[in-house]
Amino acid sequence: MNSSTHQDADVLIIGGGPSGTWAAWSAATSGAKVVLVDKGYCGTSGAAAASGNGVWYIPPDPEQREAAMASREAMGGFLADRQWMKRVLDRTYDNINSLADEGYRFSVDAEGKVIRRSLQGPEYMRFMRRKIKQAGVKILDHSPALELLVDAEGAVAGAKGINRQTGEHWTVKAGAVVIATGGCAFLSKALGCNVLTGDGYLMAAEAGADFSGMEFSNAYAISPAFSSVTKTRYYDWASFTYEDGTVIEGAGSKRGRSVIAKTLLTQPVYARLDQNMDEATKAWMRASQPNFFVVFDRAGIDPFTQRFPITLRLEGTVRGTGGIRITDHTCATSVNGLYAAGDAATRELICGGFTGGGSHNAAWAMSSGYWSGQSAANYALSLGEKASQRSVQGVGAAGLRGEGHHQFSAEEAIAATQAEVFPYDRNLFRSESVLGESLERLDHLWQEIRHSHTPDDNQIVRSREAAAMVATARWMYNSGLQRQETRGMHKRMDYPQQDPNQQYRLLSGGLDQIWVKPESIVAQRELVTV
């Protein structure tokens, strides 16, 4: 018989990246008893911990703030919200300054000036782990959550999971839960992203939560063909060439990534960081993102003078902007007791339909983490004794407990899902016919998983990851079908223009039957109070 542990908390945080640790700290300092569970080791797993992090850190100067907010509005299809942008800029500015006050050592430039627009992932996350432990947060490492618990009224009341190292099952009953599990990169081997498989999406949907912006989910990042490091910012200084050395006209990291993708469909693409490059820039690049250069140094390649083959790795909703819908300024979801933060939540509010890259995501992670933790604590503490007295049950299903005798292969399901979402001519360049074909196969795959029997403990985590990836792809592509235009990162080959009549967000949800419906931007903005 499998051993199990049971714990009670006011707030349970699922995910130990920047948004999860900020949520844990905020909840704990609001007076809540907090437990944080992480699929990996909190402080080392996830996209942020693996490399340098730019931050959307703008001093409170009106002109600088205006420029920062205006810079991506058009790229995002005018779906972002100025009120949310202002809130995030304010909160990020305060959070970053608090890190400095608490002793985090920021990098300095050649003139000795402190750079607060950049965080070194390993040091940042080590710092945050220490910060939440000092605040009294209990951390369960290597302990992925498998399903949420709900009470008789449908409010979220904790979660169940398993320890990957011991096999021990755990249950945490809580007054509120924050989903901070990151986005979904479909095991594309993008650096730090292979723990980001959409688990939080699936758990939230099973509890009744919905999503927003899932069509903005086809973010691809440039990386060396022989590496997992995806630091597309550095390719702003790159020239891109065919195998024979001829320059690829229109190719670029910002607005020419589609040209690169179209070329890669038929032949290799090479890059060299040789545009407007000087020694000071080279030194800054190495100091800011040292891990970017490790693979080149090991291979004996000088990326500033020698060409190297590149590829585009899918980052999905990690660098996309879709995720769990936020209903108001507290970062609450549409389900009582459930909050969302970081890449698990929609970032349309500050980015619209086009990625803000690492800097906006980093700012959103620490801001939404701060708000969700504080709000979850207030909600949980308001329940009083009722919280621990509630009768609860798990709501997990697909890939966890099934209705039939068939056993599906998680690895085969993952491979089949990747075959639908990885290809550029399927996900990056979309059309009704191609999306429809993919959905037919994905729907069949979902039904196969739903009607499979309960997996063994040694397969259960992978089984749930597979189910989450299939579910995520279905929300993505159903939303992509509904948006019959090209807006932000969503490119429809059969509708190549932006349609002013479709300047709305798309909500989605459901499991066996996926639904999609438009949401007025004006109506949603009325819910936000500053």
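The values are calculated or read from the model by the stated rules, or taken from the named source; none is laboratory data. Remember, it's a predicted structure, so these values are computed and weren't measured experimentally. Note that each Cβ is placed from the backbone with ideal geometry, even for glycine, and that neighbours are counted across all protein chains shown.
Observations on the structure shown:
- Listed here are the strands (runs of 3 or more DSSP E) enclosed by segment 211-292 that have at least 1 residues being touching a helix residue (DSSP H, G or I) at 6+ places or on another chain (Cβ under 7 Å), among the aromatic types (Phe, Trp, Tyr) and within 17 Å of Leu314 (Cα to Cα): 219-224.
- Scanning segment 348-374 for residues that are surrounded by fewer than 24 Cβ atoms within 10 Å (Cβ to Cβ) and polar (S, T, N, Q) yields Ser359, Gln374.
- In segment 86-101, the residues that are charged (D, E, K, R) and free of Cβ contacts under 8 Å to residues at least 24 places away in the same chain: Asp94, Asp101
- Within segment 113-209, strands (runs of 3 or more DSSP E) holding 1 or more residues that are assigned by TED's automatic domain parsing to the domain that holds Pro60, β-branched (Val, Ile, Thr) and at pLDDT 95 or above: 138-140, 145-151, 156-162, 169-179
- Residues in segment 3-37 that are among the polar types (S, T, N, Q) and surrounded by fewer than 24 Cβ atoms within 10 Å (Cβ to Cβ): Ser3, Ser4, Thr5, Gln7, Thr29, Ser30.
Every residue, every condition in (1) among the polar types (S, T, N, Q); (2) touching a Ser or Thr at 6+ places or on another chain (Cβ under 9 Å); (3) buried (at least 23 other Cβ atoms within 10 Å of the Cβ), yes or no:
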{"site": "Lys39", "(1), (2), (3)": "no, yes, yes"}
{"site": "Thr44", "(1), (2), (3)": "yes, no, no"}
{"site": "Val55", "(1), (2), (3)": "no, yes, yes"}
{"site": "Asp61", "(1), (2), (3)": "no, no, no"}
{"site": "Lys86", "(1), (2), (3)": "no, no, no"}
{"site": "Asp90", "(1), (2), (3)": "no, yes, no"}
{"site": "Tyr93", "(1), (2), (3)": "no, no, no"}
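- Yes/no for Ala413 being more than 30 Å from Glu66 (Cβ to Cβ), aliphatic (A, V, I, L, M), in contact with a Leu (Cβ under 7 Å, 6 or more places away or on another chain) and crowded, with 23+ Cβ neighbours inside 10 Å: yes
- Selected residue (only one of Glu437, Glu385, Glu412, Glu420 is closer than 20 Å to Ala261 by Cβ, among the charged types (D, E, K, R) and free of Cβ contacts under 8 Å to residues at least 12 places away in the same chain): Glu437
- Selection status of Val88, over 17 Å from Cys331 (Cβ atoms), at pLDDT 95 or above, within 21 Å of the chain's Cα centre (by Cα) and not small (Gly, Ala, Ser): no
- Qualifying residue in segment 486-497 (condition: surrounded by fewer than 16 Cβ atoms within 10 Å (Cβ to Cβ), free of Cβ contacts under 8 Å to residues at least 60 places away in the same chain, out of contact with any helix residue (DSSP H, G or I) (no Cβ under 7 Å at 6 or more places or on another chain) and not in a helix (DSSP H, G or I)): yes
- In segment 293-330, the residues that are in a helix (DSSP H, G or I) and either surrounded by fewer than 21 Cβ atoms within 10 Å (Cβ to Cβ) or charged (D, E, K, R) (or both): Phe293, Val294, Val295, Phe296, Asp297, Arg298, Ala299, Arg319
- For segment 443-472, the tally of residues that are crowded, with 21+ Cβ neighbours inside 10 Å and either in a strand (DSSP E or B) or touching an Asp or Glu at 6+ places or on another chain (Cβ under 6 Å) (or both) stands at 2.
- For segment 415-460, the set of residues classified as closer than 15 Å to Glu215 by Cβ and in contact with a His (Cβ under 8 Å, 6 or more places away or on another chain) consists of Arg430 only.
- The residue of segment 150-181 that is surrounded by the most Cβ atoms within 10 Å (Cβ to Cβ), among those that are hydrophobic (A, V, I, L, M, F, W, C) and within 23 Å of the chain's Cα centre (by Cα), is Val178.
- Looking across Ala74, Ala32, one residue alone is outside any helix (DSSP H, G or I), free of Cβ contacts under 8 Å to residues at least 24 places away in the same chain and over 17 Å from the mean Cα position of the chain (by Cα). It is Ala74.
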